[in-house]
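Comments concern the structure below.
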Amino acid sequence: MLHYTTQILIVGGGPAGLASACTLKQAGYETLVLERGVFAAGVARFPMYMRFFSTTDLVELCGFPLAIPDEKPTRQQYLRYLHRFAADLGLSVRLHHEVATLAGRDGAFTVEGQTAWGEPFAARAEKVILASGAYDHPNRLNVSGEDLPKVSHYYTEINDYIGRKVLIVGGRHSASEAALELARAGVEVSLCHRGTGFEGLKYWVRPDLENRIKEGRIRVYMPARVVEIKPRAALLAYENHAKEPSFEIENDAVLALIGYHPDPDFLQRMGVATDPRTRCPVFNPRTLESATPGLYLVGVMLAGDISGAIFIENSRHHGRQVLDHLRKKALPPQAVRPGPRARSGG
């Protein structure tokens, strides 16, 4: 079995987890980040050619400069930035380490799990910070046919959908952006949304979407829902039933972009209660400490069913709230133990 010992253990290696590790390390605390997948897995899941809505200064972590010629970074630019951030600041990161259990108490926690190669590991820490995100767990439509190969809960890139008829389900940014990008590439796009209007779009996205709808380049069904997904079609129903109760539209690809949520099973194993309606974990909003003393939560996972309330711009500062609370609890920093720096493939 692999064994690790640290002062503060951070579970999750996305921007919030890495920023928390940096903030605490700069304050003198010893930290270790365990990431279940690839480096910055949540960002890696973004659409391949996506450009951030936020400007560089709003997604920089801990004052580390994002030096690019553009005003807003692309997904690839930000991933490279995170690589440099972790390497240049000497953050200790272990990848492909999936945490399964947490035991102990404040001051003496033990987490156990397994690497992607089947090796068991145990890590001991005085404090634990959960920063596991939510993008591994998409919200589901819960309809027949959702598990067909034609259905995806993640949009990757245009090339996957060239020559196909695509139904996009959702009414927020990810759905709207995917619809616009595919329509510009000449893909036949339909959009199904349960609401009466599109929600929380950036000011430059809304007119673009509305104009493409008026031109007929994006066909919209709303307020409507998906009733069933078939190999070459999807059955939809209008919510108000003033129109026909159900109807079938032809398609051979479905993008269900209706949001994501934290893994409820993982949170339960970590001893974190969640709101059954919002799937939001229970925590102190001032300190970010859970009901278990010494166990903290940071990042987008705090939002439950992701609604755009928490993103990189604000979650990059969560580590400061944890640091403030540790100082109030008079937890002294611990000298960092000597040893080789963790490599990103670790």
Within region 281-293, the residues that are in contact (Cβ under 8 Å) with a residue 12 or more places away in the chain, surrounded by 13 or more Cβ atoms within 10 Å (Cβ to Cβ) and in a loop (DSSP other than H, G, I, E, B) are 287, 288, 292
When every residue in region 268-280 that is more than 15 Å from the chain's Cα centre (by Cα) and surrounded by 12 or more Cβ atoms within 10 Å (Cβ to Cβ) is compared, the one modelled with the lowest pLDDT is 278
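State yes or no: is residue 17 touching a residue at least 40 places away in the same chain (Cβ under 8 Å), small (Gly, Ala, Ser), assigned to a loop (DSSP other than H, G, I, E, B) and surrounded by 23 or more Cβ atoms within 10 Å (Cβ to Cβ)?
no
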Among (1) of a type in the set (S, T, N, Q); (2) closer than 25 Å to residue 105 by Cβ; (3) not in a helix (DSSP H, G or I), residue 278 falls short only on (2)
Residues of region 105-157 being of a type outside the set (S, T, N, Q) and without any contact (Cβ under 8 Å) to a residue 12 or more places away in the chain, in sequence order, are 118, 147, 149
Counting only residues that are within 15 Å of residue 253 (Cα to Cα) and in a loop (DSSP other than H, G, I, E, B), region 190-234 contains a total of 2
Quiz item: Based on what the data block shows, is residue 160 within 30 Å of residue 19 (Cβ to Cβ), of a type in the set (D, E, K, R) and in contact with a strand residue (DSSP E or B) (Cβ under 9 Å, 6 or more places away or on another chain)?
Solution: no
Taking the criterion of being within 18 Å of residue 7 (Cα to Cα) and outside any loop (DSSP other than H, G, I, E, B), would at least one residue in region 34-43 satisfy it?
yes
Looking across region 281-315 at residues that are at pLDDT 95 or above and charged (D, E, K, R), the single one that is nearest to residue 18 (Cα to Cα) is 289
Picking from 73, 69, the residue that is free of Cβ contacts under 8 Å to residues at least 60 places away in the same chain and buried (at least 19 other Cβ atoms within 10 Å of the Cβ) would be 73
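The values are calculated or read from the model by the stated rules, or taken from the named source; none is laboratory data. Source: prediction; values computed, not measured. Please note: Cβ atoms are built from the backbone with ideal geometry, for glycine as well, and neighbour counts cover all protein chains shown.
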